[in-house]
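Note sheet for the following structure.
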């Protein structure tokens, strides 16, 4: 058996293989609404054989968007189109998932192809919030430090968004605690210099994430899995690090989190990140070994052989691909061919499966 194509049970959800579509911002929404672009983008990866399709960072509030073009799930009107997309994904034998997110101090910025820096309120931008009033860098907006009421609103927004995610037909939630967005901003001492119960010690800095996890689990059914994406290290002295991530992961495991999606970086501009094939796999492996929680590896995994090696060796339980899925929406189908695994192709595409012949000859 090719390990990459073995099923994996996450509570009541069965992933048909270990290849997962990582959340990838499309910057193609208006007022948070999904549209036909998202249907085709996400649906194509389901047709291509991915086991779990995690929708891009989806804002739990308008001010939680990275850009004005981000997807949202802060109002009931967002739900119907998400239901349509998720029904299509499920019909292909894939599992629909969503990454719930709040950008914090990295909000109200331009999408990559529209410019750089702050989107002015006159152009559709908004005031941003963070742990303190320190911006990400000189080209980003200056945040307002969240007060007690603001923190309660963040937790409530995640709770409400999780309820809408259930109504929309998602079967997996991933909470975005990575890449320098709000939950990560609270975790790292480099971005969190608060002096109240949400800052200072490790226990205080993880408090917001734990509260969000608890709030999500209040409305997210016991039989459905919950994932947390963490940046395992800031790659910067004095920042959030792998030891912190291991300690936090063990705590998340007993609080109803089923898998840690192990990324890195994003909280420090120009951090010295040693980017290369599989450069983040080491963190997935360590967290899995030291806590026993399931882990996912992500980051420059581009070939079937690399993906198979990661799961076959036990370094991680799933692999999440992003850019490779942009290049090849049908990566799982061709990975199976490359590795010699038998998988089902969509009936509409069966006649194009390599080396398939009929009694009448090749078609």
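Determine whether residue 37 is part of a loop (DSSP other than H, G, I, E, B) and either within 27 Å of residue 150 (Cα to Cα) or at pLDDT 95 or above (or both).
no
Look through 195, 236 and report the one residue that is surrounded by fewer than 23 Cβ atoms within 10 Å (Cβ to Cβ), closer than 22 Å to residue 274 by Cα and either touching a residue at least 12 places away in the same chain (Cβ under 8 Å) or more than 19 Å from the chain's Cα centre (by Cα) (or both).
236
What about residue 149, is it in a helix (DSSP H, G or I) and surrounded by fewer than 20 Cβ atoms within 10 Å (Cβ to Cβ)?
When the stated conditions are applied, residue 149 passes them.
Matching residues to (1) in contact with a strand residue (DSSP E or B) (Cβ under 7 Å, 6 or more places away or on another chain); (2) farther than 16 Å from residue 330 by Cα:
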| position | (1), (2) |
| --- | --- |
| 14 | no, yes |
| 19 | yes, no |
| 25 | yes, yes |
| 41 | no, no |
| 53 | yes, no |
| 64 | yes, yes |
| 72 | yes, yes |
| 77 | no, yes |
| 93 | no, no |
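Would you be able to tell me the number of residues in the stretch 258-275 that are under 17 Å from residue 286 (Cβ atoms) and in contact with a strand residue (DSSP E or B) (Cβ under 9 Å, 6 or more places away or on another chain)?
7
Might you check whether a residue that is under 29 Å from residue 329 (Cα atoms), surrounded by fewer than 24 Cβ atoms within 10 Å (Cβ to Cβ) and either touching a residue at least 24 places away in the same chain (Cβ under 8 Å) or over 21 Å from the mean Cα position of the chain (by Cα) (or both) occurs anywhere in the stretch 121-128?
No, that holds for no residue.
Inside the stretch 156-247, counting only helices (runs of 4 or more DSSP H) that do not spill past its ends, which hold 3 or more residues that are in contact with a strand residue (DSSP E or B) (Cβ under 9 Å, 6 or more places away or on another chain) and more than 23 Å from residue 15 (Cβ to Cβ)?
So the answer is 182-187.
Could you run through the stretch 324-357 and say how many residues are modelled with pLDDT under 90 and either part of a helix (DSSP H, G or I) or touching a helix residue (DSSP H, G or I) at 6+ places or on another chain (Cβ under 8 Å) (or both)?
Total satisfying the criteria: 2.
Could you grab me the full set of residues in the stretch 9-23 that are farther than 20 Å from residue 179 by Cβ and either in contact with a helix residue (DSSP H, G or I) (Cβ under 9 Å, 6 or more places away or on another chain) or surrounded by 24 or more Cβ atoms within 10 Å (Cβ to Cβ) (or both)?
Passing the criteria: 16, 17, 18, 19.
In the stretch 24-55, how many are within 30 Å of residue 105 (Cα to Cα), surrounded by fewer than 24 Cβ atoms within 10 Å (Cβ to Cβ) and touching a residue at least 12 places away in the same chain (Cβ under 8 Å)?
13
I'm trying to understand the selection: among the residues of the stretch 269-295, which are in a loop (DSSP other than H, G, I, E, B) and either surrounded by 22 or more Cβ atoms within 10 Å (Cβ to Cβ) or touching a helix residue (DSSP H, G or I) at 6+ places or on another chain (Cβ under 9 Å) (or both)?
277, 278, 280, 292, 293
The values are calculated or read from the model by the stated rules, or taken from the named source; none is laboratory data. Just so it is clear, the model here is predicted, and its values are computed rather than measured. Using ideal geometry, Cβ is built from the backbone for each residue, glycine included, and neighbour counts are taken over all protein chains shown.
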